[in-house]
Amino acid sequence: SAKTEGKGSYRFFQSRFFEAIRTRLETELELRRALDLHQFVVHYQPRVDLAGGGTSSMEALVRWERPGQGLTGPDRFIPLLEETGLIVQLGEQVLDSVCRQLVEWAADGTTLVPVSVNVSPRQFSQSDILALFRDVIERYGIDPALLEIEVTESSMMQEGIGESAVFRQLRELGIKLCIDDFGTGYSSLSQLQKLHFDVLKIDRAFVLRIEHPDGDALIASMIAMAHALGMKVVAEGVESRKQMQLLRTLGCDEGQGYFFSHPVPPGERQPEGRREFQPPITPKP
Ligand code: C2E
Ligand code: MG
Ligand code: MG
Ligand code: MG
C-alpha cells in the first residue's frame with residue numbers, strides 16, 4: 001500500500017542519509033591521517049610576464065599524494081578541510097613546504113622568483129596568520145618579498161575579512177597581496193580601493209570568453225580599473241596563443257595557464273617559462 005511504500009522510502013532516505021554521514025566521517029579521518037603523514041605536496045605554476053616573456057613568479061598549488069592512488073586535486077578536499085577547520089593545518093604545511101623549497105632553490109643556485117600561496121578565509125578567522133608568516137620568515141630566513149598571499153574575492157566578501165587589519169600588517173611585513181578569482185565575487189570599487197592589494201587575478205571564466213563579443217571589453221575594463229588602483233593584473237587560465245596575444249594587446253601584465261605550463265613538481269620547474277613563447281620585444285639586460 002501507499003503507507004508501507006512511504007515507510008520504505010523513508011527508510012531508504014534514512015539509510016542514504018547515514019551513509020552520507022559515514023562517508024564524510026571516513027573522508028575526514030582520512031584527511032586527518034593525510035595531514036599527520038604529510039601526504040600533501042606542492043606543485044608550482046609559473047606566472048609569465050606578457051611583455052618580456054620571463055617567469056615573474058609562481059603559484060603554489062597543493063595536491064594530495066594518496067598512496068596507490070596518485071594525485072588528488074584540491075577541489076576534491078579543500079571544501080571538507082574548510083568545513084572541519086583542518087585547512088589551518090594544511091595552510092601551515094603548505095607554507096612550510098614553500099619556504100623549505102625556496103631555501104633549497106637558493107642553495108642550489110636556481111633563480112628565485114616570488115611564490116604566491118593560496119590562503120583560505122578560515123585561516124584569517126581561526127588562526128593567527130600574521131604570526132604564521134612572521135615565524136616562517138624568521139625560521140627560514142626568507143626575504144618576505146618572495147612571498148605573496150592570494151585570497152579569493154568571494155571569501156573576502158563573505159567573511160568580511162576584507163575589513164581586517166591583518167592585511168595592512170602583512171603588507172608591513174613585506175608580503176605582497178593578491179586578490180584571486182576576480183570577477184566572481186561581487187566586490188565594490190570602494191571595497192577594492194580600501195584593500196590596497198598589489199595584484200588582481202582575473203578569473204579564468206573571463207579569459208575563456210575573451211574571443212566572444214564584448215568579452216574583451218569586460219577584461220579591458222577590469223585591467224583599467226586595477227591599473228587605476230595601482231594593481232598589477234594577471235590573467236588566469238590562459239590556454240592558447242590567441243588568448244595570450246589578446247591579453248597582451250589589452251595591457252594585461254602577466255598570464256598564467258596551460259599555454260605556458262601546467263602546475264609542476266618543484267624538480268620540473270622551468271625558470272624561463274614555456275620555451276615557444278616569444279615575447280614581442282627582447283628584454284634589455
Ligand atoms: P586557484 O587559486 O584559482 O588556482 C588556479 C587553478 O586553475 C589551479 O587549479 C590550476 O591548476 C588551474 N589552472 C591553471 N592554469 C589553467 C588553465 O590554463 N586551464 C584550466 N582549466 N585550469 C588552469 P587547482 O590546482 O586544481 O586548484 C584549485 C583551487 O584550489 C585553487 O584555485 C585554490 O583556490 C585552491 N587551492 C590550491 N592550493 C591551495 C592551498 O594550498 N591552500 C588553499 N587554501 N587553497 C588552495
Ligand atoms: Mg590562486
Ligand atoms: Mg584563481
Ligand atoms: Mg579558483
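Restricting the range 132-170 to residues that are surrounded by 16 or more Cβ atoms within 10 Å (Cβ to Cβ) and among the charged types (D, E, K, R), which is farthest from ligand 4 (Cβ to nearest atom)?
Here the residue is Arg134.
Considering only strands (runs of 3 or more DSSP E) fully contained in the range 33-88, which possess at least 2 residues that are in contact with a helix residue (DSSP H, G or I) (Cβ under 7 Å, 6 or more places away or on another chain) and surrounded by 20 or more Cβ atoms within 10 Å (Cβ to Cβ)?
Filter on the range 33-88 gives 40-49, 55-66.
Which of the residues belonging to the range 184-215 are of a type in the set (Lys, Arg) and either in contact with a Ser or Thr (Cβ under 6 Å, 6 or more places away or on another chain) or within 13 Å of ligand 1 (Cβ to nearest atom) (or both)?
Selection gives Lys201, Arg204.
Since every read-out is calculated from the coordinates, none of them should be taken as a lab result. As the structure is a computational prediction, the values presented were derived from the model and not from experiment. In this analysis, Cβ positions are derived from the backbone assuming ideal geometry, glycine residues included, and neighbour counts consider all displayed protein chains.
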